[in-house]
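Okay, structure first, notes after.
The values are calculated or read from the model by the stated rules, or taken from the named source; none is laboratory data. Only a predicted model underlies this, so the values are computations on that prediction, with no experimental measurement involved. Cβ sites come from the backbone with ideal geometry, for glycine too, and all protein chains shown count toward neighbours. Keep in mind that these areas ignore ligands, DNA and RNA; they rest on the heavy atoms of the full protein, side chains included. Shrake-Rupley method; radii C 1.70, N 1.55, O 1.52, S 1.80 Å.
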Amino acid sequence: MPTTNLGQKFLGTEGKGTGMDADAPFSRSAGGAGAPLAVGVLAGTMIRTLDGVLPVEYLTPGDRIVTRAGARRLTAISVAQRKSVDLIRIRASTMGHVRPDQDIFLSPGQPVIIRDWRAQALYGVPVAAIPASRLADGEFVLAEPHRNAQLFTLRFDEDEVIYAEGLELACPALLPELA
């Protein structure tokens, strides 16, 4: 499979240049900047589906998830139990009016789509996909330790952008090397 810049696929800007973070763990063309950070959301995170907004732990492969490109079937969902993990808390309404709807906890490597002054300030473009950890400011977006956390990673046949608590989150495609 050829390498691609996932951010361009996520944002619908293939060939146009984007605000992709060259060190981002979800960019397959990043060139190995160390071990990739895990992607995922904490149990209890509400995901927009065609059956309504559901907690991530209720989802199963085959469920129809609302994505930026339309409804898509969930190919796989992985669950990782962590005794101790640092997560990124994005406080309610930090990313815009009711975005997220309520505080959301993400793994540090979870790609978040930003479409505001942050994308312009960080990358000089109106839209960017970056790891949640890059948004940390110590006040509204915080790194916090958690015990006994259950993290869920959603996978689709193609790269998709889902809606979790009102935020756009990038979900890399399920590839053979990730299975």
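The set of residues from the range 129-143 being open to solvent by less than 70 Å² (accessible area, probe 1.4 Å) and either of a type outside the set (A, V, I, L, M, F, W, C) or without any contact (Cβ under 8 Å) to a residue 12 or more places away in the chain (or both) comprises PRO131, SER133, GLY138.
Say we look at the range 45-66 and pick out the residues that are touching a residue at least 40 places away in the same chain (Cβ under 8 Å) and under 19 Å from ASP103 (Cα atoms); which of these is most open to solvent (accessible area, probe 1.4 Å)? Step through it out loud before you land on a result.
So in the range 45-66, the residues touching a residue at least 40 places away in the same chain (Cβ under 8 Å) come out as 45-48, 56-57, 59, 65-66.
Within this subset, residues satisfying the condition of being under 19 Å from ASP103 (Cα atoms) are 45-48, 56-57.
Numbers: THR45: 7, MET46: 53, ILE47: 0, ARG48: 103, VAL56: 0, GLU57: 76 Å².
Once the filter is applied, the top-ranked residue is ARG48.
Residues that are more than 15 Å from SER107 (Cα to Cα) and either among the hydroxyl-bearing types (Ser, Thr, Tyr) or at pLDDT 50 or above (or both) were ranked within the range 14-44; the one that is most open to solvent (accessible area, probe 1.4 Å) is SER29. If we scan the range 157-165, do we find a residue that is without any contact (Cβ under 8 Å) to a residue 60 or more places away in the chain, open to solvent by less than 30 Å² (accessible area, probe 1.4 Å) and either acidic (Asp, Glu) or outside any strand (DSSP E or B) (or both)? No: the range 157-165 contains no residue that is without any contact (Cβ under 8 Å) to a residue 60 or more places away in the chain, open to solvent by less than 30 Å² (accessible area, probe 1.4 Å) and either acidic (Asp, Glu) or outside any strand (DSSP E or B) (or both). When restricted to residues that are surrounded by 15 or more Cβ atoms within 10 Å (Cβ to Cβ) and either aromatic (Phe, Trp, Tyr) or closer than 18 Å to LEU87 by Cα (or both), the range 109-128 contains 6. Across the range 71-98, the number of residues qualifying as exposed (fewer than 15 other Cβ atoms within 10 Å of the Cβ) and part of a loop (DSSP other than H, G, I, E, B) comes to 4. Residues that are assigned to a loop (DSSP other than H, G, I, E, B) and in contact with a helix residue (DSSP H, G or I) (Cβ under 7 Å, 6 or more places away or on another chain) within the range 110-153 comprise GLN110, VAL125, PRO126, VAL127, listed in sequence order.
For the range 166-179, which residues satisfy the criterion of being acidic (Asp, Glu) and part of a strand (DSSP E or B)? Give the steps one after another, and end with the answer.
At the first step, the residues of the range 166-179 found to be acidic (Asp, Glu) are 168, 177.
Across the range 166-179, the qualifying residue is only GLU168.
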